[in-house]
1. Let me confirm something: among GLN146, GLN142, GLN194, which residue is out of contact with any strand residue (DSSP E or B) (no Cβ under 6 Å at 6 or more places or on another chain), surrounded by 15 or more Cβ atoms within 10 Å (Cβ to Cβ) and more than 20 Å from THR31 (Cα to Cα)?
2. Working carefully through the options VAL56, VAL81, VAL98, VAL122, find the one that is of a type in the set (Val, Ile, Thr), at pLDDT below 90 and touching a Cys at 6+ places or on another chain (Cβ under 7 Å).
3. Have a look at ILE21, ILE50 and point out the one that is under 22 Å from GLN117 (Cα atoms) and part of a helix (DSSP H, G or I).
4. Give, as residue ranges, the helices (runs of 4 or more DSSP H) completely inside segment 149-219 that count at least 3 residues that are among the aromatic types (Phe, Trp, Tyr), in contact with a Cys (Cβ under 6 Å, 6 or more places away or on another chain) and touching a residue at least 12 places away in the same chain (Cβ under 8 Å).
5. Assuming GLN142 fulfils every condition listed in (1) more than 17 Å from CYS16 (Cβ to Cβ); (2) in a loop (DSSP other than H, G, I, E, B) apart from one, which condition is it?
6. Mind listing whichever residues of segment 208-236 are charged (D, E, K, R) and more than 18 Å from the chain's Cα centre (by Cα)?
7. Let me confirm something: among SER205, SER229, SER171, which residue is crowded, with 20+ Cβ neighbours inside 10 Å and at pLDDT below 95?
Amino acid sequence: METTAVCLLSGGLDSCVATRIAQDQGYSCHTLSFDYGQHHRKELEQAKQIAKALHVQKHTVFTLDLAQFGGSALFNHHKTVPHTPLQDIGKQIPPTYVPGRNTIFLTIALAYAETLQAQAVVIGANSRDYSGYPDCRPEYFQAFQQLANVATKQAVEGNPVQILTPLLHLSKAEIIKKGHALQAPFHLTWSCYQGQKRSCGNCESCQLRLQGFEEAGIPDPLPYVTYPSWYTLIKK
């Protein structure tokens, strides 16, 4: 019997690797991205390319407008995306935090999974290099699994959807090494909070990504506007 998973695919590195891991574990993957009011569409464009490159069963973009509520620098062109020093990332919840985002996304993914009679929802959340977001912690996913176990017809009938977090306890370098081994298309991923032609190299997401490639000893295939002084793997 074919096992099916709904994989949350943002267009970023982590979600790409998580999807490849699910495929490697034998899941037939349906990818799900969200157009939720973020101020640029670069990640969504890359998610479509990643889904095509990975030959997933179907890629769906779900539209909802969380920008109506505000509360995040990711919604507003006029809000400054922080350029936090690497050593200070994760010490406080940054303004790029989107209130309730993972809860909303996982709830929609759970509903989609049940329509597919899928066995799992896969999310590329990480509790180690995660910028301090509260909905990326292990206890959060344990709580959501408990919810999933009581919230659906599928669960009541004895076949609850499993919330899988294959990257949760890995460092960014370990994620990159795993993705590299699985031939994940890193060149198609986008991590930067800006939506320009090249990644900025200064935002928290760029710095964590570059640190991961540095520690993994693998050059990042993406071009950057600037590189941190400590990054030695610049692709010529």
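1. Only one candidate qualifies: GLN194.
2. Values: VAL56 fails: at pLDDT below 90; VAL98 fails: touching a Cys at 6+ places or on another chain (Cβ under 7 Å); VAL122 fails: at pLDDT below 90.
Testing whether each residue is of a type in the set (Val, Ile, Thr), at pLDDT below 90 and touching a Cys at 6+ places or on another chain (Cβ under 7 Å) leaves just VAL81.
3. None of the other options fit; the residue is ILE21.
4. Per the criteria, no element qualifies.
5. GLN142 satisfies every listed condition except (2).
6. GLU214, GLU215, LYS235, LYS236
7. Criteria check complete, one pass: SER205.
The values are calculated or read from the model by the stated rules, or taken from the named source; none is laboratory data. Everything quoted here is computed from the prediction, not taken from an experiment. Note that each Cβ is placed from the backbone with ideal geometry, even for glycine, and that neighbours are counted across all protein chains shown.
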